[in-house]
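Below you'll find the structure, written out as structure tokens, and then a few comments.
The values are calculated or read from the model by the stated rules, or taken from the named source; none is laboratory data. Note that the structure is predicted; figures quoted are calculated from it, not measured. Quick reminder, even Gly has a Cβ in these numbers, built from the backbone with ideal geometry, and neighbours come from all protein chains shown.
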Amino acid sequence: MSLKKTAGMLLCLGVAATAWAQIPHGEEAEWKEAPVPAPPAFDVAKLVTLDVSPNSSLVYGVDPATIQISLTDSVVRYVMVARSPSGASNVMYEGIRCSTAEFKTYARYLPEGRWQMLDNSPWRSLYDNMPSKHPLRFAKSGACDGSAPPSSVRDVVRQMKSPGPQY
């Protein structure tokens, strides 16, 4: 190998080592949520349903067109619809933070046909003892790839539609 190539390789290694030394290893930079987009329009005719609980009479579903994966803060945002056998619906605009296994409700859709934003809604554990486990089921059905967000909305929808056990 020529002296010129060797010097070039050593220079590259030195630059890489300097950059590596500047990254705080073992410490996650303080996370900050990006500005939350307005709730997207949804279509109940296009819902992909989730099997949330065999004991629930509610049917839960997500309109794939509402799923957003934020590259800025790694939050998966979506509109979840819960419908009763009588046809009544509860509609929520929510987000899941896969890295911490938390979810948040940003807004609720009112019967008058408009969104009501929720101020200071906290991040809650997907594993909290709640009456509904729909965020956990959605996370396990494709909204999260382990502790990371999925690579694409297409992957989320494909995973939701694939047959097999949803643990």
(message) Taking the condition of being of a type outside the set (Gly, Ala, Ser), surrounded by 15 or more Cβ atoms within 10 Å (Cβ to Cβ) and either under 17 Å from Ser86 (Cα atoms) or at pLDDT 90 or above (or both), how many residues in the stretch 51-65 meet it?
(response) 6
(message) Can you tell me which of (1) at pLDDT 95 or above; (2) over 20 Å from Arg124 (Cβ atoms); (3) surrounded by fewer than 17 Cβ atoms within 10 Å (Cβ to Cβ) is the one Asp73 doesn't meet?
(response) (2)
(message) So, Val36, is that one closer than 16 Å to Lys133 by Cβ and in contact with a strand residue (DSSP E or B) (Cβ under 9 Å, 6 or more places away or on another chain) or not?
(response) no
(message) Is it the case, given these coordinates, that Arg83 is in contact with a strand residue (DSSP E or B) (Cβ under 8 Å, 6 or more places away or on another chain), farther than 24 Å from Ala148 by Cα and among the basic types (Lys, Arg)?
(response) yes
